Amino acid sequence: MKKLVVLMGLCGAHFFAPVLAAPLDTFLSASQRSIPGEGDIELSYDLVNDTVDVFKIRGKDADFAGTNVGNYQGAHVRAGIAITPRIWVDGALWQRGLDYRSDVLTINTWQVAGQYKLFEGAGRQPSVAVRLGAWGNYANELKKTSPTTVGDVTLNSVTVANPQDIQYQLDLIGTSRIFNNAELSVFGGAGASKVSLASVKASTTRNGCNYNISFGATEVVGTLAQPCNAELVYDRFSSPNSAYGIDIHNEAQYQANYFHAGLMLKWVQHDWQVRGGYQYQSINRGQIDNTIQSRGGKAYQSNHILMGDVMYRLLPRAAIFIRGQYLSNQFTGELPFAYNTLTASRFSKPYGILSIGLFVGF
C-alpha cells in the first residue's frame, strides 16, 4: 500500500503539469478612469496548443511534446468602473480548461478589488494608488481517469474533490508619464493565501478485485468496490497515514504568504496601444516546502512573468487586442491549490498563454 500513496502523488503531479499574485497583475496601473460612472469591459479567449506555441515552450518538453498534455483553452471577462474621481473597483472571472490525455480539468478563477488614488500626478509627477483585493481558484473536482503504474501497483483513477484557494492582497502602485504618449507603472504588494480540499479518492485493482481508496485525515482506507470471486478478498483494509510517511490532507492544504513587484510600460499612438510588463513573485509556504526539501525535492518559491499586448481601436470606445504571457515556473502563485508536496516537481517548467479579445469602454 505504500506505493499507492506514492502513485497518488504522481497522478496529482500530472494534473497540473500542463503564478503568487492575482492574474494579470503585471498590468497594474494607477491611471484608471476618474469620471464617476465610466468604466471598461474586457472579453478574451485564452489558449495554448501546438499551433500557437511559436516559441516551442511546450514543444521542447521531454515528456509531453507532441501530445495534448498541457493544452489550455478558456475565457475570461474583466470589468471595472470609477465610483468617484479617486475610487476604482473591478472584478474578473476566468474559466480554464487543461488537457491531460482523455481528461479535461476545469478550473474557475475569480477576482474582486478596489483601488484608491492617494495622489493625482501632474506632468511627470507620478499618480499613486493603493489597491486591496481578494481572488481565488476552485473546481468541483479534478479527476484523472487514465491508469498510472508504479512497480506492481496501478491506480485506475484519482479524484480530488472541491480543491480551492483564496488570497487577500494589498498593493501600492505608482504611474508616471515619461513621454507625451508613454507612461511607466511600478508596483509592489503582499498577501496571504489559504489552500483547502474536501477529499482525495482513488480506485485500484488488487488480487483481481476492484477497490475504492479514500485518503483520510488520519488513515488510508480501501473498500471492495463490487463483489469479487477471487480466492483472497478483503472487504476493507486500512492503515494509518504515518505508515506511509505522507499525510495527503496536511501536505495538500496549507497557508502561505507572498509578495510581488514589477513594472509596466504603456505606449499609445493614434489608434494603437502597446503594453509590456515584468512581474516577480516570491512565496513562503512554510512547512510544505520544508517537507519537500527534506525528502530531497526542490521547492519552487518564485516565478518570473513577462506579459505584453497590442491593442487596436476599431471604434471610439472599442478595440481588439492580442496578448502573450510567459511564466518561468508554470502556474506557481497563480493556481496555488495546484501546488503541494506531491506536485511540486512539475513546476520546474515554463508555460505560455495566448489571449485574443475585445476591449470596450463606457
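The values are calculated or read from the model by the stated rules, or taken from the named source; none is laboratory data. For clarity, every value in this text was computed on a predicted model and none was experimentally measured. Glycine also receives a Cβ, built like all others from the backbone with ideal geometry; neighbour counts cover every protein chain displayed.
Pairs, please: C-beta under 7 Å, at least 6 apart or cross-chain, first residue under 30 Å from residue 296 (Cβ atoms) and in region 345-362, second hydroxyl-bearing (Ser, Thr, Tyr) and part of a loop (DSSP other than H, G, I, E, B)?
Going by the 7 Å Cβ cut-off, the qualifying pairs are 347/300; 347/332; 347/339; 348/300; 350/328.
Could you say whether any residue in region 327-337 is among the aliphatic types (A, V, I, L, M), at pLDDT below 95 and part of a strand (DSSP E or B)?
Yes, some residue in region 327-337 is among the aliphatic types (A, V, I, L, M), at pLDDT below 95 and part of a strand (DSSP E or B).
Would you confirm whether or not region 304-317 contains a residue that is surrounded by 16 or more Cβ atoms within 10 Å (Cβ to Cβ), touching a Leu at 6+ places or on another chain (Cβ under 6 Å) and either of a type in the set (A, V, I, L, M) or within 29 Å of residue 172 (Cβ to Cβ) (or both)?
Looking for residues that are surrounded by 16 or more Cβ atoms within 10 Å (Cβ to Cβ), touching a Leu at 6+ places or on another chain (Cβ under 6 Å) and either of a type in the set (A, V, I, L, M) or within 29 Å of residue 172 (Cβ to Cβ) (or both), one finds at least one in region 304-317, hence yes.
What tally of residues in region 119-144 results from selecting those that are more than 22 Å from the chain's Cα centre (by Cα) and closer than 29 Å to residue 194 by Cβ?
Keep residues of region 119-144 that are more than 22 Å from the chain's Cα centre (by Cα), which gives 119-130.
Subset that is closer than 29 Å to residue 194 by Cβ: 129-130.
Summing the residues that are more than 22 Å from the chain's Cα centre (by Cα) and closer than 29 Å to residue 194 by Cβ in region 119-144 gives 2.
State whether one or more residues within region 39-48 are closer than 22 Å to residue 350 by Cβ, in a strand (DSSP E or B), among the acidic types (Asp, Glu) and modelled with pLDDT of 85 or more.
Looking through region 39-48, at least one residue is closer than 22 Å to residue 350 by Cβ, in a strand (DSSP E or B), among the acidic types (Asp, Glu) and modelled with pLDDT of 85 or more.
Find the residue count for region 95-139, including only residues that are surrounded by fewer than 18 Cβ atoms within 10 Å (Cβ to Cβ), under 18 Å from residue 76 (Cβ atoms) and modelled with pLDDT of 90 or more.
7
Mind counting the residues in region 78-123 that are among the hydrophobic types (A, V, I, L, M, F, W, C) and within 17 Å of residue 325 (Cβ to Cβ)? Please lay out each step first, then the result.
Initial filter on region 78-123 (among the hydrophobic types (A, V, I, L, M, F, W, C)): 79, 81-83, 87-89, 92-94, 98, 104-105, 107, 110, 112-113, 118-119, 122.
Right, trim to within 17 Å of residue 325 (Cβ to Cβ) and you get 92, 94, 98, 107.
Of the residues in that region, 4 qualify.
Tell me whether region 209-219 contains one or more residues that are modelled with pLDDT under 90, assigned to a loop (DSSP other than H, G, I, E, B), farther than 30 Å from residue 195 by Cβ and of a type in the set (Val, Ile, Thr).
Within region 209-219, none of the residues are modelled with pLDDT under 90, assigned to a loop (DSSP other than H, G, I, E, B), farther than 30 Å from residue 195 by Cβ and of a type in the set (Val, Ile, Thr).
Filter region 242-254 down to the residues that are out of contact with any Phe, Trp or Tyr (no Cβ under 6 Å at 6 or more places or on another chain), surrounded by 15 or more Cβ atoms within 10 Å (Cβ to Cβ) and not in a loop (DSSP other than H, G, I, E, B) and list them by number.
Of the residues in region 242-254, the ones out of contact with any Phe, Trp or Tyr (no Cβ under 6 Å at 6 or more places or on another chain) are 242-247, 249-254.
Those still in the list that are surrounded by 15 or more Cβ atoms within 10 Å (Cβ to Cβ) too: 244, 246-247, 249-254.
Correct list: 249, 250, 251, 252, 254.
Within region 71-96, which residues are in a strand (DSSP E or B) and touching a Leu at 6+ places or on another chain (Cβ under 9 Å)? Outline the logic, then answer.
Quick first cut of region 71-96, residues in a strand (DSSP E or B) only: 72-82, 87-96.
Selection gives 72, 73, 74, 75, 76, 77, 78, 92, 96.
Residues of region 175-204 being at pLDDT 95 or above, crowded, with 20+ Cβ neighbours inside 10 Å and of a type outside the set (Ser, Thr, Tyr), which ones?
183, 187, 189, 191, 195, listed by residue number.
Take the conditions under 23 Å from residue 256 (Cα atoms), more than 16 Å from the chain's Cα centre (by Cα) and assigned to a strand (DSSP E or B) and apply them to residue 172. Does it pass? Let's see the steps before the verdict.
Working: under 23 Å from residue 256 (Cα atoms): yes; more than 16 Å from the chain's Cα centre (by Cα): yes; assigned to a strand (DSSP E or B): yes.
Judged against the criteria, residue 172 is a match.
Among the numbered criteria (1) surrounded by 16 or more Cβ atoms within 10 Å (Cβ to Cβ); (2) closer than 27 Å to residue 79 by Cβ, which one does residue 320 miss?
(1)
Of everything in region 123-178, what is out of contact with any strand residue (DSSP E or B) (no Cβ under 8 Å at 6 or more places or on another chain) and not hydroxyl-bearing (Ser, Thr, Tyr)? Give them in sequence order. Steps first, please.
Filtering region 123-178 down to residues out of contact with any strand residue (DSSP E or B) (no Cβ under 8 Å at 6 or more places or on another chain) leaves 149-152.
If the condition is that a residue be out of contact with any strand residue (DSSP E or B) (no Cβ under 8 Å at 6 or more places or on another chain) and not hydroxyl-bearing (Ser, Thr, Tyr), then 150, 151, 152 are the ones that fit.
Being buried (at least 17 other Cβ atoms within 10 Å of the Cβ) and either in a strand (DSSP E or B) or of a type in the set (Gly, Ala, Ser) (or both) is the filter here, so list the residues in region 281-298 that pass it.
Applying the first criterion (buried (at least 17 other Cβ atoms within 10 Å of the Cβ)) to region 281-298 yields 281, 283, 285, 288-289, 291-292.
The answer is 281, 283.
Out of all the residues in region 276-306, which are within 20 Å of residue 326 (Cβ to Cβ) and in contact with a helix residue (DSSP H, G or I) (Cβ under 6 Å, 6 or more places away or on another chain)? Give the derivation first.
Taking region 276-306 and keeping what is within 20 Å of residue 326 (Cβ to Cβ), we get 276-283, 300-306.
Once the filter is applied, which keeps residues that are within 20 Å of residue 326 (Cβ to Cβ) and in contact with a helix residue (DSSP H, G or I) (Cβ under 6 Å, 6 or more places away or on another chain), region 276-306 yields 277, 279, 300, 305.
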